[in-house]
Amino acid sequence: MEFNEDPVVSSANDFLKLKSGESVVGLFKGKPFSFYHNFDWKTKKASYSETLKEGLRFRFRINFIVKSGDGYDSKVWEQGAIVYTQLKELNKDYPLDKYLLKITRFGEKTDTYYTIMPVKNGELNADLEKILGKVKLKPLELKKKEEPKNFPPGEDPPFPGEEEELPF
């Protein structure tokens, strides 16, 4: 049995999730990580690749720092090509790592869109920039599969625990 690569981010709490009509204010930090993805809803199987392959769609992840209790926490926001292009254009006038932005979600399931707007007077001051600069960012990359080890012809890999007696 062979499994596809898994995202490094393993906890659902690591992702930024909004319901329709909800908003969050925060700061984008770090470089976006781009990859290609497909999810088969019938089999519940996901495919990931760092290079374009047939049947996969562009996705990206970026850290978004949000207020959390008395402090701040980084959340991973994963989106597609349209949001990537919007952020790229917005970054020209409002450097994303220097301005607070408000993200609002509209819609449900696959019929969803987001608005991303600079917050009024949202340019970071030195104190807030220093605080937010200390927030630990979440990993965005995909896990790499371990390459199978090559064994000499005719030699099989050792069976795990083969020196132990089998219980049957």
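The values are calculated or read from the model by the stated rules, or taken from the named source; none is laboratory data. Treat the numbers as computed from the prediction; the structure is a model and nothing was measured. Using ideal geometry, Cβ is built from the backbone for each residue, glycine included, and neighbour counts are taken over all protein chains shown.
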query = at pLDDT below 85, surrounded by fewer than 14 Cβ atoms within 10 Å (Cβ to Cβ) and out of contact with any Cys (no Cβ under 9 Å at 6 or more places or on another chain), is that true of GLY69?
reply = no
Pairs where the first residue, in segment 75-101, is without any contact (Cβ under 8 Å) to a residue 40 or more places away in the chain and the second is among the β-branched types (Val, Ile, Thr), C-beta under 8 Å, 6+ apart = VAL83/ILE116; GLN86/ILE116; LEU90/ILE116
task = Could you figure out which of (1) of a type in the set (Lys, Arg); (2) without any contact (Cβ under 8 Å) to a residue 12 or more places away in the chain; (3) not in a strand (DSSP E or B) isn't true of LYS120?
result = (3)
ask   = List the pairs whose first member sits in segment 29-45 and is within 30 Å of LEU132 (Cβ to Cβ) and free of Cβ contacts under 8 Å to residues at least 40 places away in the same chain, whose second member is in a loop (DSSP other than H, G, I, E, B) and of a type outside the set (Gly, Ala, Ser), and whose Cβ atoms are under 9 Å apart, counting only residues at least 6 apart or on separate chains?
value = LYS31/LEU140; HIS37/LEU56
request  = Identify all residues within segment 123-136 that are exposed (fewer than 15 other Cβ atoms within 10 Å of the Cβ), in a loop (DSSP other than H, G, I, E, B) and in contact with a strand residue (DSSP E or B) (Cβ under 7 Å, 6 or more places away or on another chain); write none if there are none.
outcome  = LYS136
ask   = Pick from SER20, SER47: which is hydroxyl-bearing (Ser, Thr, Tyr), surrounded by 12 or more Cβ atoms within 10 Å (Cβ to Cβ) and assigned to a strand (DSSP E or B)?
value = SER47
ask   = Quick check, is ARG57 over 22 Å from ASN13 (Cα atoms) and under 15 Å from the mean Cα position of the chain (by Cα)?
value = yes
query = If you check TYR84 against the conditions, is it farther than 29 Å from LEU124 by Cβ, surrounded by 11 or more Cβ atoms within 10 Å (Cβ to Cβ) and of a type in the set (Phe, Trp, Tyr)?
reply = no
key: One residue from ASP111, ASP97 being among the acidic types (Asp, Glu) and under 16 Å from GLU129 (Cα atoms)   = ASP97
